[in-house]
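What follows is a short report on a single structure.
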Amino acid sequence: QVQLVESGGGLVQAGGSLRLSCAASGSIFSINDMGWYRQAPGKQRELVATITGGGKTNYADSVKGRFTISRDNAKNTVSLQMNSLKPEDTAVYYCNADVRRTPSLRKLNCWGQGTQVTVSS
């Protein structure tokens, strides 16, 4: 089994900052892409940012220049530094990872339970 556990959500005023962290644990041989997604009330889940095992990053246009994704491959963690937060960033943020449990098994796409981020105006 593989578990992703997020932390760091909360309530912040517009213009403020938060840092989300996600730790993967369990039967892990390697992790390929890791990322953050978010889902606001009444909306579909959307990509926020992804990072490959080699450190290549990709961001949604709405967060470019404000959010930074990073990872620690040795610790199987991924983080999201969120600056200049806006009320429209309010959502439940989910950690995602493509995990290979053994060299022979295909990758397993895993999700965390989500952490609430609320930005007040």
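Here are some notes:
- Less than 5 angstrom separates the built amide H of Thr90 from those of Val119, all sequence-distant by 5 or more or on a different chain.
- Per residue, the accessible area of the stretch 17-95 comes to 50 Å², computed with a 1.4 Å probe over protein heavy atoms only.
- Interchain or long-range residues, amide H under 5 Å from Ile31's placed H: Arg100
- Using the Karplus relation 6.51 cos²θ - 1.76 cosθ + 1.60 with θ = phi - 60°, the per-residue 3J(HN,Hα) values for the stretch 34-42 come to 10, x, 10, 10, 9, 9, 8, x, x Hz, with x marking Gly and Pro.
- Multiplying the residue separation of Gln3 and Arg101 by 0.36 nm and subtracting their alpha-carbon distance yields 34.1 nm.
- Where no second cysteine Cβ lies under 4.7 Å, the cysteines concerned in the chain: Cys110
- Coupling constants for the stretch 108-121 follow from the phi torsions by the Karplus curve (6.51 cos²θ - 1.76 cosθ + 1.60, θ = phi - 60°), and in residue order they are 10, 8, 10, 10, x, 7, x, 9, 7, 10, 10, 10, 8, 8 Hz; glycine and proline get x.
- Other residues with beta-carbon under 14 Å from the beta-carbon of Pro41 carry, at +1 per Lys or Arg and -1 per Asp or Glu, a net charge of 0.
- Residue-wise HN-Hα coupling along the stretch 72-86, computed from phi with Karplus coefficients 6.51, -1.76, 1.60 (Hz; x: Gly, Pro): 10, 5, 5, 9, 6, 10, 9, 10, 9, 8, 10, 10, 6, 5, 10
- Heavy-atom accessible surface of the stretch 1-116: percent carbon and sulfur, 1.4 Å: 46 percent
- Taking a point 7 Å out from the Cα of Glu88 in the direction of its Cβ, the residues of the stretch 3-40 whose backbone N falls within less than 17 Å of it are 14-16, 38-40.
- Long-range HN-HN contacts of Val48 with modeled amide H, under 5 Å: Trp36, Tyr37, Arg38
- Nearest-0.05 FRET efficiency for Leu11 and Thr52, computed from C-beta distance (R0 25 Å): 0.20
- Contact order normalised by residue count of the stretch 50-121, Cα under 8 Å, 6+ apart, percent: 24 percent
- Altogether, the Stokes-Einstein calculation at 37 °C and 0.692 mPa s, with the Kirkwood radius of the chain over Cα pairs as Rh, returns a diffusion coefficient of 227 µm²/s.
- For a label point 7 Å along the Cα-to-beta-carbon line of Gln113, residues of the stretch 1-34 with backbone N under 12 Å: 4-7
The values are calculated or read from the model by the stated rules, or taken from the named source; none is laboratory data. Please read these numbers as outputs of a predicted model, since none were measured by experiment. All Cβ positions, even for glycine, are placed from backbone atoms using ideal geometry, and neighbour counts span all protein chains on display. These area figures cover heavy atoms from the full protein model, side chains too; ligands, DNA and RNA do not enter into them. Shrake-Rupley method; radii C 1.70, N 1.55, O 1.52, S 1.80 Å.
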